[in-house]
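**Student:** Have a look at the structure that comes next, please.
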Amino acid sequence: MHIILACFAGMSTSLLVKKVEDAAKKRSLDLTIHALPVSSNPSDFENADIVLLGPQARYMTEELQNNLPNIPIASIPMDVYGSMNGDKILDLALSIIQK
């Protein structure tokens, strides 16, 4: 599974990458995850199974969905993002991918 966490500079989401990696390891999940700025070239997102946006970038959902029609795009809830809860972020990604 390949998850991309996206925000404006990729800084705050880069902190979440480790938390989600740790959550995936505890569950023995094969996971690739990294952080990108939402302004990245659409081709940078093409190998993702899902793109999760930081709450401050949620207004970009429609634009990203138009550029990446075959990849689910979702916003991380503010409380989950703020608590840096890797398990809940992983649960969010899995629930959307498995639909």
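**Student:** I'm trying to understand the selection: among the residues of segment 88-99, which are without any contact (Cβ under 8 Å) to a residue 40 or more places away in the chain and exposed (fewer than 15 other Cβ atoms within 10 Å of the Cβ)?
**Tutor:** Within segment 88-99, ASP91, SER95, GLN98, LYS99 meet the criteria.
**Student:** Any chance segment 19-33 includes a residue that's modelled with pLDDT under 95 and either in a helix (DSSP H, G or I) or over 16 Å from MET84 (Cα atoms) (or both)?
**Tutor:** Within segment 19-33, none of the residues are modelled with pLDDT under 95 and either in a helix (DSSP H, G or I) or over 16 Å from MET84 (Cα atoms) (or both).
**Student:** Separate question: If I ask for residues that are polar (S, T, N, Q), surrounded by 14 or more Cβ atoms within 10 Å (Cβ to Cβ) and free of Cβ contacts under 8 Å to residues at least 40 places away in the same chain, which ones from segment 7-30 would you list?
**Tutor:** Of everything in segment 7-30, just one residue is polar (S, T, N, Q), surrounded by 14 or more Cβ atoms within 10 Å (Cβ to Cβ) and free of Cβ contacts under 8 Å to residues at least 40 places away in the same chain, namely SER14.
**Student:** Only one residue in GLY86, GLY82 is at pLDDT 95 or above and within 15 Å of ALA6 (Cα to Cα). Which one?
**Tutor:** One residue alone meets the criteria, GLY86.
**Student:** So which residues in segment 59-78 are touching a helix residue (DSSP H, G or I) at 6+ places or on another chain (Cβ under 9 Å) and either of a type outside the set (Val, Ile, Thr) or farther than 16 Å from LEU94 by Cβ (or both)?
**Tutor:** LEU64, ASN67, LEU68, PRO72, ALA74, SER75, PRO77, MET78, listed by residue number.
**Student:** Identify, please: which residue in segment 73-87 is assigned to a helix (DSSP H, G or I) and of a type in the set (A, V, I, L, M, F, W, C) and is, among those, surrounded by the fewest Cβ atoms within 10 Å (Cβ to Cβ)?
**Tutor:** Applying the filter and picking the extreme gives MET78.
**Student:** Could you look through segment 52-63, keep only residues that are surrounded by fewer than 18 Cβ atoms within 10 Å (Cβ to Cβ) and in contact (Cβ under 8 Å) with a residue 24 or more places away in the chain, and pick out the one that is farthest from ILE3 (Cα to Cα)?
**Tutor:** Of everything passing the filter in segment 52-63, GLN56 is farthest from ILE3 (Cα to Cα).
The values are calculated or read from the model by the stated rules, or taken from the named source; none is laboratory data. A quick note: this is a predicted structure, and the numbers were derived from the prediction, not measured. Virtual Cβ from ideal backbone geometry, glycine too; neighbours counted across all protein chains shown.
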